[in-house]
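Read through the structure below, which is laid out as structure tokens, and then see the notes.
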Amino acid sequence: MTRTEEFEELRPLLFSIAYRILGSVSEAEDAVQETWLRFDASPAQPTSAKAYLSAVVTRVSIDVLRSARVRREEYVGPWFPEPLLTDPYQDPERSAELADSLSMAALLLLERLSPLERAVFVLREVFAFGFPEIASAVGRSEAACRQLAVRARRHMDAGRPRFEADRAEREELAGRFFDAFREGDVEALQELLAAEVHMVGDGGGKAPQLA
């Protein structure tokens, strides 16, 4: 297998890692492209392309996230992660877990974490990487990564709702909502929404926000 073929085979995984760390499709795609450039320019062939490329894309994503957070502090209005409807990293055994990690709620919770905590949490909890691999990816000791994972999990758990809705019920409610929205059925929408709910829009940092 050529180096290009190895990379293309792993591209969906690399994008998935980058997207969950960054919360932006365009930034994730840029991180994957930078990873390819570094891989292509490297004179040595790594023992494990997956481990090497996962480490590179993680480090690139951490650097991008640190820079992006400065820009987001100057953002006009609230900044929201960019929704991704389908995950290109197809793993049938873990598809439900991976899908949940793509939800807007999960991405907003990840915003609570520092770049390092976010990277460690994503690699450990979403992609089930071992701590030796994570330590290599983020450039920290295994002990430090375990501490980062504990802190990240604590932050994530603190932000989750006390009661978790059943997955089937969530999907049914979402389907009813979008059906009513498409049909312009205001009464049905009112029945589905709580009275205290407020809608907040993200205008890309350029337009006035809905609230």
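Structural remarks
- Sulfur and carbon atoms: percent of accessible area, segment 101-152 [1.4 Å]: 54
- For the residues Met156, Met1, a 1.4 Å probe over the protein chains yields an accessible-area ranking, largest first, of Met1, Met156.
- Remark: the Arg66-Arg38 segment gains 8.1 nm on full extension, using 0.36 nm per residue and subtracting the alpha carbon distance.
The values are calculated or read from the model by the stated rules, or taken from the named source; none is laboratory data. Only a predicted model underlies this, so the values are computations on that prediction, with no experimental measurement involved. Side chains included, ligands, DNA and RNA excluded: accessible areas come from the protein's heavy atoms. Shrake-Rupley method; radii C 1.70, N 1.55, O 1.52, S 1.80 Å.
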